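Trainee: Just passing along the structure, written as structure tokens.
The values are calculated or read from the model by the stated rules, or taken from the named source; none is laboratory data. Keep in mind it's a predicted model, so treat the numbers as computed, not measured. Every residue, glycine as well, gets a Cβ built from its backbone with ideal geometry; the counts of neighbours run over all protein chains shown.
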Amino acid sequence: MDIKANRTNGKVLERQVGDNKALSYFLYVPTQGGKNAPVLVSVHGISRNADKHARRFSRYAERHGVVIVAPLFDEQHYPGYQRLGLSGARADLALNQILAEVAELTQANTHQLYMFGYSGGGQFVHRYAMAYPNRVAAIAIGAAGWYTLPDPDQRFPYGIAAHHKLPDLSFDLSQFLRIPAYAFVGEQDILRDDALRQSARLDRQQGKTRFERAERWVKAMKKAARQQGLETEFHFMPLPKADHSFTRSIKAGGMAEHVFSCLFGQSAATPKRRSLHTKLSFTSVAHFS
């Protein structure tokens, strides 16, 4: 299948790299084509609804001229994809292979990624950005269950000290603290359900709910950035009328509009990397922290 051909543009396609089912993903290329277009990597939670990510975001990607890549990290191969691969196969390396194919097929810009993840996908996205800071332009996190703190005294994934199971990964504070990040959580996402990782350690350090944990992570990132002399944008953005649901966060909370506005600006014609010093204005978001 020739992704460069016009007949495939403007459609959500299901693909895999070669014959490797462990490297499956959904792809959307806007009708104008993908050459030099920015890429949004959108990562699912434990429901593994990668197709829904691609379809829900496709009309916004069309408007902004963005290529969408939604990897499918199946449970068999990637049981621990949220933590890059502390258990199971390495999800970060799988994404890199998928992006190599996307670059060849579409000629899109996979060197500076924009990333979004919901729930477990939000965990993956911020940890991927920490591990590959030179490849990530900005990230948006939707309702992650818990976070890696910018703390060199705690071992990954709680902090950024090296983990023996991931010996090739290192985390450079001065680099990943330059990446703008926006954390979205539904105002009603305050339940401690079975999918939320719960422990005395996490509750004490990050809070008891996804809402609290996102707010504390943003504050920790802001503090760490200031200590590095950086003015990077980190924002906590509650979504009205939304609980822990990807669909309701989009329909009731306007999450898709906010994600694309944060990452690509208001222009429908020319996506751009947001300046670290640009100030945002959202009338429909409850508040910034």
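Trainee: Can you name the strands (runs of 3 or more DSSP E) wholly within region 1-70 that have at least 2 residues being without any contact (Cβ under 8 Å) to a residue 60 or more places away in the chain?
Mentor: Counting at least 2 such residues, we get 12-16, 24-28.
Trainee: For region 150-167, give me each residue that is surrounded by fewer than 17 Cβ atoms within 10 Å (Cβ to Cβ) and under 21 Å from residue 135 (Cα atoms).
Mentor: 159, 161, 162, 167 - these are the residues of region 150-167 that are surrounded by fewer than 17 Cβ atoms within 10 Å (Cβ to Cβ) and under 21 Å from residue 135 (Cα atoms).
Trainee: Let me ask you something else. Can you pull out the residues in region 236-251 that are touching a strand residue (DSSP E or B) at 6+ places or on another chain (Cβ under 9 Å) and surrounded by fewer than 21 Cβ atoms within 10 Å (Cβ to Cβ)?
Mentor: Result: 240, 241, 243, 245, 248.
Trainee: Also, quick follow-up: Taking the condition within 30 Å of residue 155 (Cα to Cα), touching a helix residue (DSSP H, G or I) at 6+ places or on another chain (Cβ under 8 Å), modelled with pLDDT under 95 and surrounded by 13 or more Cβ atoms within 10 Å (Cβ to Cβ), does residue 196 pass?
Mentor: In short, yes.
Trainee: Listed residues 112, 107; which is within 19 Å of residue 174 (Cβ to Cβ), of a type outside the set (Lys, Arg) and at pLDDT 95 or above?
Mentor: 112
Trainee: Write out, first by first residue and then by second, each pair whose Cβ atoms fall under 6 Å of each other, whose residues are 6+ apart or on separate chains, and whose first residue, in region 190-203, is within 22 Å of residue 238 (Cβ to Cβ) while the second is of a type in the set (S, T, N, Q) and in a loop (DSSP other than H, G, I, E, B).
Mentor: Correct list of pairs: 190/209.
Trainee: Follow-up question, since we're still on this one. Could you grab the pairs with beta carbons closer than 7 Å, sequence gap of 6+ or different chains, first residue in region 96-108 and closer than 13 Å to residue 18 by Cα, second one part of a helix (DSSP H, G or I) and hydrophobic (A, V, I, L, M, F, W, C)?
Mentor: As it stands, the answer is 97/23; 98/23, since those pairs meet every condition given.
Trainee: Another question about this same structure. Can you tell me which residues in region 204-235 are within 12 Å of residue 189 (Cβ to Cβ) and in contact with a strand residue (DSSP E or B) (Cβ under 8 Å, 6 or more places away or on another chain)?
Mentor: 210, 211, 214, 215
Trainee: Being within 30 Å of residue 160 (Cβ to Cβ) and more than 16 Å from the chain's Cα centre (by Cα): is that true of residue 75 here?
Mentor: So residue 75 fits the description; yes.
Trainee: Which residue is surrounded by the fewest Cβ atoms within 10 Å (Cβ to Cβ), if the candidates are limited to region 218-235 and must be in a loop (DSSP other than H, G, I, E, B) and at negative phi?
Mentor: Looking at residues that are in a loop (DSSP other than H, G, I, E, B) and at negative phi, I get 231.
Trainee: When you go through (1) closer than 24 Å to residue 231 by Cα; (2) surrounded by 15 or more Cβ atoms within 10 Å (Cβ to Cβ) one by one for residue 170, which number turns out not to apply?
Mentor: Here residue 170 clears every test but (2).
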